[in-house]
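Asker: Structure provided below as structure tokens; questions to follow.
The values are calculated or read from the model by the stated rules, or taken from the named source; none is laboratory data. These numbers come from a predicted model, not from an experiment. Positions of Cβ are generated from backbone atoms using ideal geometry, with glycine treated the same way; all protein chains shown enter the neighbour counts.
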Amino acid sequence: MVELLAPGGSPEMVREVMEAGADAVYVGPRGWSRRAAAFELGDEELKECASLVHSYGKKIRVAINTLPHSREIPLLLKKLERFLSWGIDAVILTDVGCIHAVHRAFPELPIHASVGCNMTNAQDYAFFRELGVRQVVADCKLPWEELSAIRRAGLGVEVLIHASTCFTYIGQCWMSSYARQVWHLDAEGKNHFLGSPNRGGLCHRLCLAPWDVSCRHGTAAWGVKLRNEAFFLLEDIPRCLELGVSTLKIQGREYTPALMGAAVRLYRQLIDSCLASPRSFDPAPWYARLEEIKRLRDEQRARRTAELLRESIA
Amino acid sequence: MGQLEIELNTQVSTLEEVNARDLAPYQAVYLGNPYCPKHAGNLLENHRELAEAITRLKGMGKKAYVATPAAPRTGELGGVEKLVETAARAGADAVEAHNLGVVRLVHRRFPGLPVHTGCFANVYTDLGAAKLKEYGVRRVTPNYEVSLEEIHLIREAGGLEVEILLHGKMPLGLTNSCFLLNFPDHPCPQACREDFWLTTRDWVLKITGTVVWSGKDVCMLEHLPYLLESGYRAFRLETLYEPPEYRREVGLIYREALEHMAEGRELLWPAWLEMLKNWSRHGFCNGYYFGQAGRMYINQYGEPVSI
Ligand code: SF4
């Protein structure tokens, strides 16, 4: 049965998406995931969320998908040991060294390879499977054939159905930290690498600044944004189900809990109706419902982008 | 400090660029453009010319490393295998991979052929590097976001050779579709011969199709003595998408600096920096080596300065 995975950017959001019908939620421990600290959880919050999610009979996944300092790997293993004692169900990782170390230390713990691993081909999938990975979060830029190839490699496939695509491959961009990077050590000694989406999670979204494009002959264009758009896979969900995709993921820890709750409710009902009668699926009414979610999402995202770009010169 | 053991290397896309004059300062050359198959004359797309380029480099007494596509899809792996076969047959000294799948492919099909990983292979940690060693990797270029403090750890624990970007624009992002296709006045493949700059506030980036580059040139000249003292011996001058004169002149300045250092002669910082500046349109930075924002420049005294 396909799993609907929802974001948990705060304890309120975790509760909201559980109520709305998510099968699983992913959360990031503060300083360790690809989001700003405001949308990550402190350890105590994470513990409470784990018990809340389990009280619904659902699963909680911990995203530790930034690329740390070599000296932080022992700290990561220590943290993970605590998280395991709280019953977390799986971990999302990016760094090859971290995957190797976690698999060696906790062989039973399912490891999912983050979208930041940027896998693009069958040899990649085999490489990460050999490392101990069980499921791959596929980049939005991957064509359908690759999703089948991931399955053929014996791995679970996680597909983003409601997300933002980056201008670059995810995990292959350090434009933001080119503009601003601040090393900030927290009380545990974790560097938050502020400004680096790969390392600390906070991205200043340089791609969305208004860029003037010039060449030898003068200015070719003014105020161009590098393509970074909303990505919705609504009408292709039946195809995902047919392909045997394991997880359909909603991205959005930085939005409001109410908005994410609304998104989860929509996709929950859509998936259920699709599973009940796959042949008669009509995307039209769902698009109409998605419109309002999209409008609110675009508004919140534009506000956040403006804030992040402003902060980049701080 | 034995000068002969130090490798200055660079990268070229086409056979035309493989000539003794422009490559004189270098001991090794990466062949081919890993970022775009359509780049006119890309050696990765013409295996006969690639073999010829390797032979030419060997004739000049240089090492030949062969690049591979940075993000190949499953359907392209057959072509990658043929490319590596050509490289191996023609006597290439190593292949460079940005993609971990390509690392695995080379390790399985061409065991013994050394692999160097490029910046997009995302080597950030010592354990990551050590794992790649099991896959035939002999040299890593850590991701450019990794600081020198961390690079030291990668080298020590990984037991691998580490390559350092010494000068030139550094890639900041890799995407799958060509940005320049938005400009019909500059059709493919000529668009790549044109310099496109992105400017906002006082920031400048360079863009070449599928790669965004730093607008400033990374310049580690002032830190070269420290890098040598720390034991690094493989240095890249990034000259992909630069004119041949840039490759030659910048290389010659570093070569001269290395000679002065080896022979204990006076270090001519102001003169060398001045000469390098002639080849840099938007000034210098030194990337992320000191834990700062990539566009900043820290001089040899540890001061952030604008240069
Ligand atoms: S700058 Fe843009 S393309 Fe780069 S990581 Fe941030 S959002 Fe993605």
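Asker: List, please: which pairs have Cβ atoms under 7 Å, are six or more places apart or on different chains, and start with a residue in segment B:281-307 that is surrounded by fewer than 18 Cβ atoms within 10 Å (Cβ to Cβ) and of a type in the set (F, W, Y) and end with one that is modelled with pLDDT of 95 or more and assigned to a loop (DSSP other than H, G, I, E, B)?
Answerer: Cβ pairs passing all conditions: B:F290/B:S147.
Asker: I need the strands (runs of 3 or more DSSP E) fully contained in segment B:1-75, keeping only those with at least 1 residues that are modelled with pLDDT of 95 or more, within 26 Å of B:Y254 (Cα to Cα) and of a type in the set (F, W, Y).
Answerer: Values: elements: B:7-12, B:28-31, B:63-67.
Fully inside segment B:1-75 and qualifying: B:28-31, B:63-67.
Asker: Taking segment A:132-165 as the region of interest, how many residues are in contact with a Ser or Thr (Cβ under 8 Å, 6 or more places away or on another chain) and within 25 Å of B:K206 (Cβ to Cβ)? Talk me through it step by step, then tell me what you get.
Answerer: Our first condition is that a residue be in contact with a Ser or Thr (Cβ under 8 Å, 6 or more places away or on another chain); within segment A:132-165, this holds for A:135, A:137, A:139-142, A:145-146, A:149, A:156-159.
Imposing the further condition that a residue be within 25 Å of B:K206 (Cβ to Cβ) reduces the set to A:139, A:141.
Result for segment A:132-165: 2.
Asker: Hey, another quick one. Taking the condition of being farther than 22 Å from B:L240 by Cα and either in contact with a strand residue (DSSP E or B) (Cβ under 7 Å, 6 or more places away or on another chain) or crowded, with 21+ Cβ neighbours inside 10 Å (or both), how many residues in segment B:149-175 meet it? Before you say what the answer is, go through the steps one by one.
Answerer: Residues of segment B:149-175 that are farther than 22 Å from B:L240 by Cα, as a first pass: B:149-161.
Okay, now just the ones that are also either in contact with a strand residue (DSSP E or B) (Cβ under 7 Å, 6 or more places away or on another chain) or crowded, with 21+ Cβ neighbours inside 10 Å (or both), so B:150-151, B:154-155, B:158, B:160-161.
Of the residues in that region, 7 qualify.
Asker: Give the residue, chosen from A:S33, A:S55, that is of a type in the set (S, T, Y) and closer than 30 Å to A:V182 by Cβ.
Answerer: On the way: A:S55 fails: closer than 30 Å to A:V182 by Cβ.
Result of the check over A:S33, A:S55: A:S33.
Asker: Would you be able to tell me the number of residues in segment A:201-220 that are surrounded by 15 or more Cβ atoms within 10 Å (Cβ to Cβ) and within 16 Å of the ligand (Cβ to nearest atom)?
Answerer: Number of matching residues: 10.
Asker: Right, another one. Please state which one of B:L267, B:L240 is modelled with pLDDT of 95 or more and under 19 Å from the mean Cα position of the chain (by Cα). First the steps, then the outcome.
Answerer: Working: B:L267 fails: under 19 Å from the mean Cα position of the chain (by Cα).
Selected residue: B:L240, the only one of B:L267, B:L240 that is modelled with pLDDT of 95 or more and under 19 Å from the mean Cα position of the chain (by Cα).
Asker: Is it fair to say A:H162 is crowded, with 21+ Cβ neighbours inside 10 Å, part of a loop (DSSP other than H, G, I, E, B) and within 21 Å of the chain's Cα centre (by Cα)?
Answerer: On the way: crowded, with 21+ Cβ neighbours inside 10 Å: yes; part of a loop (DSSP other than H, G, I, E, B): no; within 21 Å of the chain's Cα centre (by Cα): yes.
No.
Asker: Among the candidates A:V17, A:V2, A:V25, single out the residue that is surrounded by 23 or more Cβ atoms within 10 Å (Cβ to Cβ) and touching a Cys at 6+ places or on another chain (Cβ under 8 Å). Give the derivation first.
Answerer: Values: A:V17 fails: touching a Cys at 6+ places or on another chain (Cβ under 8 Å); A:V2 fails: surrounded by 23 or more Cβ atoms within 10 Å (Cβ to Cβ).
Within the list A:V17, A:V2, A:V25, the selection yields A:V25.
Asker: Determine which member of the set B:R56, B:R73, B:R109 is of a type outside the set (V, I, T) and more than 30 Å from B:S177 (Cα to Cα). Even if it seems obvious, please write down each step before you answer.
Answerer: Details: B:R73 fails: more than 30 Å from B:S177 (Cα to Cα); B:R109 fails: more than 30 Å from B:S177 (Cα to Cα).
Being of a type outside the set (V, I, T) and more than 30 Å from B:S177 (Cα to Cα) holds for just one of B:R56, B:R73, B:R109, which is B:R56.
Asker: Additional query: Can you pull out the residues in segment A:168-188 that are over 19 Å from B:L148 (Cα atoms) and more than 7 Å from chain B (Cβ to nearest Cβ)?
Answerer: A:I170, A:S176, A:D186, A:A187, A:E188
Asker: For residues in segment A:160-183 being touching a residue at least 12 places away in the same chain (Cβ under 8 Å) and more than 14 Å from the ligand (Cβ to nearest atom), which is nearest to B:G101 (Cα to Cα)? Full working, then the answer.
Answerer: Initially, segment A:160-183 is screened for residues touching a residue at least 12 places away in the same chain (Cβ under 8 Å), giving A:160-182.
With the extra rule that they be more than 14 Å from the ligand (Cβ to nearest atom), the set shrinks to A:161-162, A:182.
Working: A:I161: 25, A:H162: 27, A:V182: 32 Å.
The residue in question is A:I161.
Asker: Identify, please: which residue in segment B:201-236 is under 15 Å from B:E163 (Cβ atoms), assigned to a strand (DSSP E or B) and touching a Leu at 6+ places or on another chain (Cβ under 6 Å) and is, among those, farthest from the other protein chains (Cβ to nearest Cβ)? Please lay out each step first, then the result.
Answerer: Of segment B:201-236, the ones under 15 Å from B:E163 (Cβ atoms) are B:218, B:220, B:224, B:227-228, B:230-236.
From the residues that got through so far, the ones that are assigned to a strand (DSSP E or B) too are B:218, B:234-236.
Subset that is touching a Leu at 6+ places or on another chain (Cβ under 6 Å): B:218, B:235-236.
On the way: B:V218: 11, B:F235: 21, B:R236: 17 Å.
Filtering segment B:201-236 for residues that are under 15 Å from B:E163 (Cβ atoms), assigned to a strand (DSSP E or B) and touching a Leu at 6+ places or on another chain (Cβ under 6 Å), the one farthest from the other protein chains (Cβ to nearest Cβ) comes out as B:F235.
Asker: Consider A:R35 carefully, then state whether it is touching an Asp or Glu at 6+ places or on another chain (Cβ under 8 Å) and modelled with pLDDT under 95. I'd like the intermediate steps shown before the answer.
Answerer: Working: touching an Asp or Glu at 6+ places or on another chain (Cβ under 8 Å): yes; modelled with pLDDT under 95: yes.
Yes; evaluated as a whole, the condition is true for this residue.
Asker: Kindly indicate whether B:L198 is within 22 Å of the chain's Cα centre (by Cα) and either more than 14 Å from chain A (Cβ to nearest Cβ) or exposed (fewer than 15 other Cβ atoms within 10 Å of the Cβ) (or both).
Answerer: On the way: within 22 Å of the chain's Cα centre (by Cα): yes; either more than 14 Å from chain A (Cβ to nearest Cβ) or exposed (fewer than 15 other Cβ atoms within 10 Å of the Cβ) (or both): no.
No.
Asker: Under 9 Å between Cβ atoms, at least 6 apart or on separate chains: pull out the pairs that start in segment A:287-314 with a residue that is under 18 Å from A:P257 (Cβ atoms) and end on any residue that is among the charged types (D, E, K, R).
Answerer: Once the first residue is under 18 Å from A:P257 (Cβ atoms) and sits in segment A:287-314, its partners that are among the charged types (D, E, K, R) give A:Q300/A:E254; A:R301/A:E254; A:R304/A:R205; A:R304/A:E254.
Asker: What residue, among those in segment B:116-132 that are over 18 Å from A:N118 (Cβ atoms) and in contact with a helix residue (DSSP H, G or I) (Cβ under 6 Å, 6 or more places away or on another chain), is farthest from the other protein chains (Cβ to nearest Cβ)? Outline the logic, then answer.
Answerer: In the first step, residues of segment B:116-132 are kept if they are over 18 Å from A:N118 (Cβ atoms); the result is B:116, B:126-127, B:130.
This time we only want the ones that are in contact with a helix residue (DSSP H, G or I) (Cβ under 6 Å, 6 or more places away or on another chain), so: B:126-127, B:130.
Details: B:D126: 4, B:L127: 3, B:A130: 7 Å.
Looking at residues that are over 18 Å from A:N118 (Cβ atoms) and in contact with a helix residue (DSSP H, G or I) (Cβ under 6 Å, 6 or more places away or on another chain), I get B:A130.
Asker: Take the residues in segment A:136-159 that are crowded, with 21+ Cβ neighbours inside 10 Å and part of a strand (DSSP E or B), then tell me which one is nearest to the ligand (Cβ to nearest atom).
Answerer: Per the criteria, the residue is A:V137.
Asker: Does any residue of segment A:107-118 turn out to be in a helix (DSSP H, G or I) and in contact with a Cys (Cβ under 6 Å, 6 or more places away or on another chain)?
Answerer: No, there is no match, as no residue in segment A:107-118 is in a helix (DSSP H, G or I) and in contact with a Cys (Cβ under 6 Å, 6 or more places away or on another chain).
Condition check ((1) in contact (Cβ under 8 Å) with a residue 40 or more places away in the chain; (2) β-branched (V, I, T); (3) surrounded by 17 or more Cβ atoms within 10 Å (Cβ to Cβ)) across all residues:
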site	(1), (2), (3)
A:G42	no, no, no
A:E45	no, no, yes
A:S55	no, no, no
A:K58	yes, no, yes
A:L75	yes, no, no
A:K79	yes, no, yes
A:F83	yes, no, yes
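Asker: Hey, another quick one. So which of B:E150, B:E145, B:E163 is at pLDDT 95 or above and more than 7 Å from chain A (Cβ to nearest Cβ)?
Answerer: B:E163
Asker: Where residues in segment A:224-249 are closer than 19 Å to A:R61 by Cβ and within 16 Å of the chain's Cα centre (by Cα), which of them is farthest from the ligand (Cβ to nearest atom)?
Answerer: Among those that are closer than 19 Å to A:R61 by Cβ and within 16 Å of the chain's Cα centre (by Cα), it is A:S246.
Quick grid of which residues meet (1) more than 12 Å from every other protein chain (Cβ to nearest Cβ); (2) buried (at least 20 other Cβ atoms within 10 Å of the Cβ); (3) more than 16 Å from the ligand (Cβ to nearest atom):
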| residue | (1), (2), (3) |
| --- | --- |
| A:K190 | yes, yes, yes |
| A:R199 | no, yes, no |
| A:W222 | no, no, yes |
| A:Q251 | yes, yes, no |
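Asker: Residue check, B:E45 against (1) within 24 Å of A:P68 (Cα to Cα); (2) more than 10 Å from every other protein chain (Cβ to nearest Cβ), all met but one. Which one?
Answerer: Here B:E45 meets the rest and fails (1).
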